[in-house]
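Data block below; observations after.
Bear in mind that the values in this text are calculations on the coordinates, not laboratory data. Quick caveat, the model's predicted, so the values are computed rather than measured. Reconstructed Cβ throughout: ideal geometry from the backbone, glycine too, with neighbour counts over all protein chains shown.
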Amino acid sequence: MELDVREQDGKLIVAPSERNHTMMTLLKQPVWDAGGKAGYNQGHPYEGSGGELVIEAEDPEEVLEEAVETVRDELEEFKDAF
């Protein structure tokens, strides 16, 4: 999956190239756990956008990387359970 990542007003905005609400909502809580603030805007259904995850932190890129690593670890644990 390709992501459009850009900075705007000191916040990091992550948008999937296609509709993928699952991935963006999956990252939201780990961002909070990593010390950042995150919110997910799904956008209007008629616009066809995939929504945006907005991350606010001192170093939003570092917080995003930590959140992604957390999700990877959790998914690996889930996979191993099966």
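State which residue is farthest from the chain's Cα centre (by Cα) when the search covers only segment 6-17 and only residues that are under 11 Å from GLU52 (Cα atoms) and in contact (Cβ under 8 Å) with a residue 24 or more places away in the chain.
SER17
Do any strands (runs of 3 or more DSSP E) entirely within the chain hold 1 or more residues that are of a type outside the set (Lys, Arg) and loosely packed, with under 15 Cβ neighbours inside 10 Å, and if so, which?
Details: elements: 3-8, 11-16, 37-41, 52-56.
Result: 3-8, 37-41.
Pairing residues of segment 53-82 that are touching a residue at least 60 places away in the same chain (Cβ under 8 Å) and among the aromatic types (Phe, Trp, Tyr) with residues that are assigned to a helix (DSSP H, G or I) and surrounded by 12 or more Cβ atoms within 10 Å (Cβ to Cβ), at Cβ distances under 7 Å and at least 6 apart in sequence or on separate chains, gives no pairs at all.
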